[in-house]
Structures are given as C-alpha cells and as structure tokens.
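What follows is a short report on a single structure.
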Amino acid sequence: MFLVFLICNKVNAKENYIVALVNNIPITKIDVEDKAKLLAYSIEKDISQKNLNKFFNQSLKSLITENLIRGEGLKFNKNILNLVKNKAYSNLLSDYNGSEILLNKFIQKLNVSKSMVLNKYENEIVNFHLIFKRR
C-alpha cells in the first residue's frame with residue numbers, strides 16, 4: 001500500500017527544474033508557469049495550457065528582469081527586500097479591496113503561489129527606490 005502511494009505521488013507530482021540562474025538565484029519551471037498564468041490571466045483572462053505556452057518566453061524574460069532588479073536592490077541596500085515587504089503586501093491587498101479572502105480566491109483560481117503574486121509589488125517598490133533614491 002505504501003509503495004502504491006509513493007508511485008501515485010510521483011505520477012501526480014508537478015515536474016520542476018531550474019530554467020535559468022540569475023544572480024545565483026534559480027528560476028524554476030514552476031516559477032515560469034506561475035508567471036505565465038499571471039500574464040495570461042491579466043492580458044487574456046485565459047489560463048488554458050495552449051494560452052500559457054504563448055506566454056512562456058515573456059514570463060521567463062519578466063522573471064529574469066525581476067531578479068536583476070532584486071539583485072541591484074540588494075546592492076543598494078542588503079535589507080531592501082525586508083524593508084519593502086509590508087508595503088508591497090499592503091499594495092497587493094489594496095488591489096483586492098483590502099480583502100485577504102479575495103486575494104486567496106484569486107491565488108487558488110490561478111493555482112499560483114502568493115509569493116509569485118507579491119513579487120510584482122516588491123519589485124515595483126525596489127525599482128522605485130533604485131530610480132529615485134540614487135539621484
């Protein structure tokens with residue numbers, strides 16, 4: 001019985017591997033798929049597999065850019081990600097009328113990680129600091 005569970009678990013497990021390495025931070029296949037879901041939904045409101053394939057390259061490029069921004073932000077201030085986390089989460093919630101319930105429903109609907117959704121908001125704040133605070 002235990003062996004059958006392990007075999008079933010392997011079959012149903014989501015395949016994951018490193019697609020790119022940016023600033024020693026891995027970007028995985030699941031990261032790219034989650035980002036593709038967010039892009040497909042925001043642009044076409046469709047997260048079918050066929051539609052996700054159209055957004056795979058754009059998703060990867062976006063994740064690479066985000067990791068580069070994070071890397072520059074960490075050069076600017078090694079604690080920047082900790083400093084922006086609360087503001088980013090507040091901005092994220094404001095897009096869902098301040099409701100964690102609505103946010104969680106959206107995350108469940110698309111089957112993406114909360115951190116993937118939050119990354120966009122963190123990167124916006126980090127990018128702002130890089131552009132306007134360095135002047």
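Data for the structure
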read-out: Residue within the range 37-55 that is closer than 27 Å to Ile131 by Cβ and basic (Lys, Arg) present; value: no
read-out: Which numbered condition Asp95 misses (of (1) surrounded by fewer than 16 Cβ atoms within 10 Å (Cβ to Cβ); (2) in contact with a Gly (Cβ under 6 Å, 6 or more places away or on another chain)); value: (2)
read-out: Set Lys54, Lys37, Lys50, Lys85: member being surrounded by fewer than 12 Cβ atoms within 10 Å (Cβ to Cβ), in a helix (DSSP H, G or I) and of a type in the set (Lys, Arg); value: Lys50
read-out: Verdict on Leu74 being at pLDDT 95 or above, closer than 30 Å to Lys133 by Cβ, part of a helix (DSSP H, G or I) and hydrophobic (A, V, I, L, M, F, W, C); value: no
read-out: Unique match (being surrounded by fewer than 13 Cβ atoms within 10 Å (Cβ to Cβ) and either without any contact (Cβ under 8 Å) to a residue 12 or more places away in the chain or within 25 Å of Lys29 (Cβ to Cβ) (or both)) among Lys133, Lys109; value: Lys109
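The values are calculated or read from the model by the stated rules, or taken from the named source; none is laboratory data. Being a predicted model, the structure only gives us computed values, none of them experimental. Note that we place each Cβ from the backbone using ideal geometry, even for glycine, and neighbour counts take in every protein chain shown.
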